[in-house]
Amino acid sequence: MQTEPPSPTSRSHRGDRTTQAVALALPLVVIFASFLSGATTRWSEGIVLVVFALLLFVRPPRVSLGWPLNALAILFLALAATAFLPARWFFLPDWRTALTNDLGVQLASTLSAQPWLSLDSCVTLVAGLAWIYDVTALDLELRDVRLAARVFAGGMIAFAALCILLYLEKRALPFWHNVRNFGSYPNRNQTGDLFGISTLVVLACMQDSFRRGHKRWLLWLAGAPILVAALILDYSRAGILILVVGAVAWLARLAFRKWSGASVAVAVSLLLVLLTGLLLFGGETIARFHLRGGSDEGVTSDFRWLIFRDAWTMIKASPWCGVGLGNFEGVFALFREASHGVTRSLHPESDWLWLWSEMGWPAVAIVLIALALFVRRAFPLKEGTNQRLRYAALIGGLLFSLHGLVDVSGHRFGTFLCGTFLFGLAQLRPIARPPSRWPPILFRLTSLLLLAAGLTWFVAWRDQLLLPGYVGVENAKNAAAFANRGDRFAEALVLDNRALDWAPLDWQLYFSRGIARIGARQPAASALADFRRARFLEPSAWELPFDEGKVWLGLQPGLALSAWREALRRSSNPSAIYSQMFALAAQLDHRALPGLGNFATGDPRLTITYLENIPADKFAPALQQLLARDPDLKEFDTVEKKRLFALWSRHEPLDGLVRATTAHPDWLEFAWPGVARWQAGRGEYREAWRLVRQYSAPPPMPVSSGAGSLPELERKFIADPRDYANGYALYRAQLATGKSDDALSTIRHFTAQPDAPAYFSYLEAEGWAMQQNWQRAWQSWDDFRERASH
């Protein structure tokens with residue numbers, strides 16, 4: 001049995017109960033935060049802040065972590081506060097000059113362009129620092145640490161079981177939003193991070209219970225597969241990697257601490273069991289690692305690395321001080337070149353790059369130094385100090401930090417609480433420092449601040465209050481959109497203006513205000529200026545200029561065309577939205593139709609879409625203009641030529657198509673449907689059928705089993721004349737015995753039925769061709785084409 005050294009400080013019975021309550025409450029806060037959608041929204045974060053603030057007020061830290069960590073915490077807060085210093089004290093980046101001088105955007109005079117959002121983020125940062133201090137400075141006894149670890153492990157197993165149950169029932173809680181409908185976090189990588197590091201604590205609890213002779217190790221043994229199953233269903237490679245690397249590190253210490261053959265064999269066996277289970281039951285999640293090879297997908301082609309490149313460019317513009325907390329999303333859009341695309345990036349896919357971009361490189365250095373000090377405080381891992389449990393928690397905390405290189409779990413409050421809680425479990429206890437007077441006072445004051453902030457956020461979210469900060473901006477944005485839809489444009493203007501005072505880098509607010517200006521009949525120049533600001537702040541999404549064009553239709557068709565030209569430039573599939581533009585212009589403003597035709601000049605994809613959307617009487621002149629500009633169709637590739645000639649073949653008269661293929665025989669492979677139709681119209685059915693046989697591909701045919709003799713197939717046909725499979729088998733048998741007339745009769749029986757498969761018409765055409773009845777062959781093939789198109 002493991003013995004514990006006596007605590008250097010004596011506690012009363014009441015003190016022990018309070019300590020145990022804290023040991024129970026801290027992991028419950030972590031689990032509760034994950035349950036509330038990972039505290040990734042302001043309302044859920046507000047609730048978690050209230051709970052933590054109450055706990056902090058009742059039981060604040062009573063000992064200091066020492067002057068090095070205290071100094072680092074003060075410096076970190078000071079760096080966050082630089083966001084509120086005058087911007088003129090720092091180098092002004094080009095994007096800020098462009099916004100203020102070229103676009104007339106009213107930015108705050110502080111370093112942070114959005115100080116209200118920075119203030120919101122500072123509250124979260126203070127809460128994070130208070131949490132780290134609390135979980136690492138609480139003077140818990142060894143049994144209290146084990147209690148906290150067991151509560152955490154059991155809670156995570158229960159939470160994973162809930163996620164699995166809801167997933168299997170294809171349900172989700174109202175406040176859970178996940179693309180794969182698994183877990184509470186919007187991003188699967190955060191869910192994987194959470195369950196990955198939690199599994200390590202479960203394994204440590206199992207080992208600890210086993211060594212102490214407690215039968216509860218069987219419960220942990222049963223709970224670990226639940227977390228592994230959750231990782232597999234989560235479909236996150238990061239969670240699997242965290243589990244495997246953490247398990248290897250945990251088993252390595254188990255195997256080599258006493259260096260015995262038996263312990264090495266046990267560790268290797270456990271690792272093989274884990275890997276075998278993942279390979280057998282990992283399914284699509286394990287397949288994402290491309291273990292079979294043959295895939296050209298690799299890290300270098302990952303879109304994340306393109307975001308890293310652009311984030312680094314942004315960092316180099318303000319490496320020392322950053323752009324201020326809460327400003328990454330608004331500023332990063334202006335730096336996207338390598339990662340330019342439709343999807344807007346809310347973060348740089350890395351905790352460390354995010355921290356550097358908003359607070360500068362000194363903040364990164366402070367976090368690294370603090371991380372090293374916390375790791376140092378976990379040593380020595382000697383007997384009688386929960387060393388095995390603390391080692392597993394330390395590995396989990398370090399893997400959480402490393403995962404931050406390629407993900408943002410550290411910026412999601414729920415996973416942040418979990419990762420830092422493990423660092424708290426890993427600290428060497430009992431703490432040798434005596435209690436101090438100032439920590440309780442400081443942290444009780446901090447708890448009051450967090451309590452007020454959490455309550456304010458939740459009430460503002462619930463009552464839709466226009467509170468400065470993230471909640472107020474979101475509320476104002478939703479209210480303005482509702483007012484615009486209700487034609488209350490003056491109200492929308494007031495809401496947008498108010499929100500822009502807090503978030504002047506939010507492109508949606510400028511777009512909403514532009515719509516409100518048009519509805520309120522303000523000068524078009526003011527609305528156009530807002531649309532320009534929105535486009536500048538969101539330079540990737542094609543939907544923005546496309547929707548702007550719709551707003552201008554019926555008012556200023558020239559401005560609508562200008563916006564739509566920008567939408568086509570941004571879109572990766574311009575043909576699709578070009579077709580929508582024609583439909584909208586035809587419905588709302590015919591004056592825009594001529595201008596739409598100019599977009600197609602020099603662009604084969606748009607040219608074909610243009611020809612598809614113009615009236616039939618304008619097709620021939622438009623086609624002649626195209627051939628006059630590009631007589632050999634050099635601008636068109638093979639796929640585009642197929643589309644063009646398929647369209648041409650559907651328009652009368654076809655004489656021009658025939659002359660074109662005579663002059664360009666290589667076009668016949670694309671134009672043959674129209675040429676064949678022209679020949680059939682002249683009664684040249686044999687020539688038309690020759691083109692069909694030369695260029696058309698036969699349709700897929702059913703697989704004939706060949707079972708049964710001809711008389712047996714005929715009896716089945718008489719018994720069930722609508723059995724298509726038997727009918728096809730009878731046709732094949734009749735052909736094989738030379739009864740071509742009977743085979744044709746069988747096929748015609750089915751082509752007389754309007755719902756019969758189209759391949760019967762194709763077979764009928766072949767049957768008539770064998771009898772050299774070219775007209776009927778052509779007519780049957782034409783019927784096949786009609787059936788196949790429906």
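A compact table of results
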| read-out | value |
| --- | --- |
| Value in Å of the Kirkwood radius, where the chain supplies the Cα pairs that are averaged | 32.0 Å |
| Inter-label distance, nm, simple model (7 Å from Cα along the C-beta direction), L218/W312 | 5.5 nm |
| Cα long-axis angle, helix 413-426 against the chain (0 to 90 degrees, to the nearest 10) | 40 degrees |
| Förster radius 56 Å - calculated FRET efficiency between E635 and L455 (Cβ-Cβ, nearest 0.05) | 0.30 |
| Nearest-ten-degree value, helix 574-588 long axis tilted from longest Cα axis of the chain | 80 degrees |
| Among the listed pairs K618/K641; K550/K618; K477/K550; K550/K642; K170/K550, those beyond 30 Å (Cα-Cα) | K550/K642; K170/K550 |
| Alpha-carbon centroid distance for the pair the range 142-172 / the range 593-626, whole angstrom | 61 Å |
| Cα centroid separation, the range 383-407 to the range 755-790 (Å) | 71 Å |
| Extended-chain gain in nm, criterion 0.36 nm per residue less alpha-carbon gap, D94 and R722 | 218.7 nm |
| At R0 = 25 Å, FRET efficiency that the Cβ-Cβ distance of S789 and R565 yields, to 0.05 | 0.15 |
| Ellipticity estimate at 222 nm from DSSP helix runs (n ≥ 4, -39,500 (n - 2.57)) divided over the chain, nearest 500 | -22000 deg cm²/dmol |
| Full-stretch length increase - L28, A622 - with 0.36 nm per residue and alpha-carbon distance subtracted | 206.8 nm |
| Gain in span if fully extended, L405 to F210, counting 0.36 nm per residue against the direct Cα distance | 66.7 nm |
| For the chain: relative contact order, % (alpha-carbon pairs under 8 angstrom, 6 or more apart) | 13 percent |
| Rounded tilt (10° steps) of 13-35 against the dominant C-alpha axis of the chain | 10 degrees |
| Lysines with Cα under 23 Å of K716, excluding same-chain neighbours fewer than 8 positions away | K739 |
| Nitroxide proxy distance, nm - points 7 Å out along Cα→Cβ at A21 and H651 | 8.3 nm |
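Quick note: the coordinates plus some simple rules give every number you see, no bench work behind them. This one's a predicted model, so the numbers in the text were calculated from it and none came from an experiment. Virtual Cβ from ideal backbone geometry, glycine too; neighbours counted across all protein chains shown.
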